[in-house]
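The values are calculated or read from the model by the stated rules, or taken from the named source; none is laboratory data. The model shown is predicted, which means the values in this text are computed figures rather than measured ones. Note that each Cβ is placed from the backbone with ideal geometry, even for glycine, and that neighbours are counted across all protein chains shown. When the accessible area is computed, the model is the full protein with side chains, heavy atoms only, and any ligands, DNA or RNA have been set aside. Shrake-Rupley method; radii C 1.70, N 1.55, O 1.52, S 1.80 Å.
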Amino acid sequence: MKKEKVLVIFFSETREYQHTFERYKRYVLDELNADLALCVAINQRENQNNPFYKAAKYIWQYQEPEDWGKGFDFASSHEGVENRWRILEDIKDQWLGGVKGPKTQKGSAGIMLFFRWFTKMKLLEKGLVEKYDRFIYTRSDYLYETPHIPLELLSKDKIWIPDGEDYGGVTDRYMACSAQNIIPALSIADPIIKTPLELFKEMTFFKEWNLEKFLKFSFKRTGLWDQVQRFPFTMYSLRSKGAHTSWTKGTFNRELEYFVKYQHEYDSAQISKAVFEKRGGWKARSVNQALNKIKRKAFWTLQKNRILFVFSKLKS
């Protein structure tokens, strides 16, 4: 069977390389025999001498502006369309973080959306969609606890996203898909740039948008939602002491000596690691077993929290 050609793409920044690079190299790049692309901002935080840069086959950079709205202005100009996207700033609540203005939103969701467009533009510009079979679009601050799940266990006609950290939508931190799906999946920012008035009308029905909800909404809007499949977290996000973050600071783990940004990711990765080691590697059965165990743990945690909430109300 012919080995798939794989391109791993880091978006926005190369964070936490001092913790994550060795695992990334061994468990992802070497495991999948993958090339690495960096699609990142140029800023004072970005150390361009870090090992991810040395390992990268492609480096695509965008000078970080004070207002990431300038990124959308650039995208509008590049696409040759009228620059009317700022009407969308009236759509609340935190899906355009990083864009400055009278109604500045929290977080960095707007930056993540810009980089989806910028990545798509670079892939098309460089003719890379035809050169690779599979694309993994992800972040650099993931610490892998097991080798990446073999791609032959992840159907090529699906868009694969980790299960959890959805916040009412679907997580934006990792996506694996084929050459057939990568451009449509990265095109969710296109309506912001190309058809903002139409998008505005469709989004006014809801008042509390975040990036995860917008991602799910966009997949449904473009007919991609039926292709989305989930797999268990085998990795988790971390943050060093004093490291920059635009949203979640995380919980400090004294044993690991860094912050675990999202507890669910960490717990899920530990369950996956235990299943992987017990089964002696990844097989379809072990992937499903890990996912089922994680879902059961999440269910019972939810029930426990509901019971505690009811008791707290009774006491008050």
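What's the carbon and sulfur percent of the chain's accessible surface, probe 1.4 angstrom, rounded to a whole number?
50 percent
Using only helices, what value at 222 nm comes out for the chain when you add -39,500 (n - 2.57) per DSSP H run of length 4 or more and divide by the total residues, to the nearest 500 deg cm²/dmol?
Rounded to the nearest 500, the figure is -12000 deg cm²/dmol.
Collect residues whose amide H, placed 1.01 Å from N in the peptide plane, falls under 5 Å from the amide H of I9; neighbours closer than 5 in sequence don't count.
When sequence neighbours closer than 5 places are left aside, the close amide H contacts are A37, I136, Y137, T138.
Please compute the per residue accessible area over the chain with all protein chains in place, 1.4 Å probe, rounded to a whole number of Å². List each step's numbers first, then the result.
Values: 15450 Å² over 316 residues.
Averaged over the residues of the chain, the accessible area is 49 Å².
Any idea what % of Cα-Cα pairs in the chain are farther than 36 Å?
Result: 17 percent of Cα pairs exceed 36 Å.
Which one of Y62, T234, V28 is farthest out on the positive end of the charge dipole of the chain, using unit charges on Cβ (Lys, Arg +1; Asp, Glu -1) and the Cα centre as origin?
T234
When the gyration tensor of region 104-246 is built from Cα positions, what are the square roots of 5 times its three eigenvalues, in whole Å, from largest to smallest?
24, 21, 16
How big is the antiparallel share of DSSP beta bridges in region 137-273, given as a percent to the nearest 5?
75 percent
If you add up the charges near S240, with Lys and Arg at +1 and Asp and Glu at -1, over every other residue whose beta carbon is less than 10 angstrom from its beta carbon, what do you get? Before the final figure, lay out each step's value.
Working: positive: R15, R239, K241; negative: E16, D141, E257.
Charge balance in the 10 Å sphere: 0.
Over the Cα atoms of region 167-251, how large are the radius of gyration and the largest Cα-Cα distance (Dmax), in Å?
15.3, 43
Kindly write out, for region 155-161 in residue order, the coupling ³J(HN,Hα) from the Karplus curve 6.51 cos²θ - 1.76 cosθ + 1.60 (θ = phi - 60°), rounded to whole Hz, with x marking Gly and Pro.
3, 5, 8, 10, 9, 9, 9
Could you tell me what percent of the DSSP beta bridges with both partners in the chain are antiparallel, to the nearest 5?
Of the beta bridges lying entirely in the chain, close to 40 percent run antiparallel.
So how much slack lies between K249 and Y167, counting 0.36 nm per residue of separation and subtracting their Cα-Cα distance, in nm?
Additional length available on full extension: 27.8 nm.
Quick one: grab the alpha carbon gyration tensor of region 1-128, order the square roots of its eigenvalues as a ≥ b ≥ c, and give me rounded if a/c is under 1.5, else prolate or oblate depending on whether a/b is larger than b/c.
Values: a/c = 2.36, a/b = 1.72, b/c = 1.37.
Because a/c hits 1.5 or more and a/b exceeds b/c, region 1-128 counts as prolate.
For region 285-293, in order, what is each residue's ³J(HN,Hα) by Karplus, 6.51 cos²θ - 1.76 cosθ + 1.60 with θ = phi - 60°, in whole Hz (x at glycine and Pro)?
Those phi angles translate into 5, 6, 4, 5, 5, 4, 4, 5, 5 Hz.
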